[in-house]
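This report concerns only the one structure given below.
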Amino acid sequence: MATTTGSGCLFIISAPSGAGKTSLIRVLLERDAQLKLSISYTSRPQRSAEIDGRDYHFVSKDIFKQMQSRGEFLEYAEVYGNLYGTSKKWIDDAIAAGQDIVLEIDCQGATQVRRFFSHAIGIFILPPSCVALEKRLISRDQDDAEVIQKRLEAVREEVSHVNEFDYVIINDELEKAVNNVACIVNAERLKRERQIEKHQALITQLT
Ligand code: 5GP
């Protein structure tokens, strides 16, 4: 498996549940055609608004475990009682094509990915307040009360990983938060090492 990202960037975006990460990433991807989102596999039941293959690849727990034992995941984790994993093959292909990749995964997954890709860029999204987080979880009407409670209890643990990330964005206003992530994406693309690699011919010509 590849352990460097070649000329592409690998962004890991994590957040406590209800911080608005999925909406933020959707808008970001609409605006930046060069960013490719890795579609995770999950054993979680599909929600009514979700589409198989667009939001997740929905599989049974058995299928997930078979894939896991065949080593098909770059990383995987159990989150709120369901299994989630990132396809190793998809990542390898995207890296080989020099694409900029976004992984929308939890902190356990982020730790595993950093072991292979030490240059991965971590972005952590925070809600503006506890009250806003709870309101969002209830108003999006996706989960029953028990699951919402589980998600709220997990917030403290997830936020304790904030130090492992390179950037922190407060999602108080979607537009502002998307712009901030886009700034990070651009700045990372313009980093010296990446630019030298990309524009080697120009630099040679000018020196
Ligand atoms: P949800 O059920 O709300 O879609 O996602 C629950 C949590 O699982 C979120 O924190 C999300 O980022 C995380 N998640 C989604 N896909 C993956 C994955 O492939 N790997 C890991 N480790 N976490 C994931």
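The values are calculated or read from the model by the stated rules, or taken from the named source; none is laboratory data. Please read these numbers as outputs of a predicted model, since none were measured by experiment. Methodologically, a virtual Cβ is constructed for each residue, glycine included, from the backbone with ideal geometry; neighbour enumeration extends over all protein chains shown. Remember, those area values only see protein heavy atoms, side chains included, never the ligands or the DNA or RNA. Shrake-Rupley method; radii C 1.70, N 1.55, O 1.52, S 1.80 Å.
Of note:
- Figure legend. Inter-residue proximity from the stretch 33-51: first residues farther than 18 Å from residue 80 by Cα, second residues among the charged types (D, E, K, R) and buried (at least 16 other Cβ atoms within 10 Å of the Cβ), beta-carbon distance below 8 Å, spacing 6+ or different chains. Indicated pairs: 34/100; 35/100; 36/100; 37/104; 38/104; 39/55.
- Residue that is nearest to the ligand (Cβ to nearest atom), among those in the stretch 112-132 that are of a type in the set (S, T, N, Q) and either in contact with a strand residue (DSSP E or B) (Cβ under 8 Å, 6 or more places away or on another chain) or farther than 15 Å from residue 75 by Cα (or both): 112
- One residue stands out in the stretch 67-87 among those that are over 19 Å from residue 14 (Cβ atoms) and within 13 Å of the ligand (Cβ to nearest atom): the one that is surrounded by the fewest Cβ atoms within 10 Å (Cβ to Cβ), namely 68.
- Matching option when the condition is among the hydrophobic types (A, V, I, L, M, F, W, C) and either more than 30 Å from residue 198 (Cβ to Cβ) or open to solvent by 20 Å² or more (accessible area, probe 1.4 Å) (or both), among 120, 97, 110: 97
- Any chance residue 64 is under 30 Å from residue 198 (Cα atoms), within 14 Å of the ligand (Cβ to nearest atom), at pLDDT 95 or above and open to solvent by less than 30 Å² (accessible area, probe 1.4 Å): no
- Condition met for residue 57 (within 11 Å of the ligand (Cβ to nearest atom) and touching a Ser or Thr at 6+ places or on another chain (Cβ under 8 Å)): yes
- Some residue of the stretch 81-89 being free of Cβ contacts under 8 Å to residues at least 12 places away in the same chain, among the hydroxyl-bearing types (Ser, Thr, Tyr) and farther than 15 Å from residue 19 by Cα: no
- Only one of the numbered conditions (1) within 15 Å of the ligand (Cβ to nearest atom); (2) closer than 25 Å to residue 179 by Cα is not met by residue 98, and that is (1).
- The C-beta contact set for the stretch 129-147 (first residue over 16 Å from residue 171 (Cα atoms), second residue open to solvent by less than 50 Å² (accessible area, probe 1.4 Å) and at pLDDT 85 or above, distance under 6 angstrom, 6+ apart or interchain) comprises 142/47.
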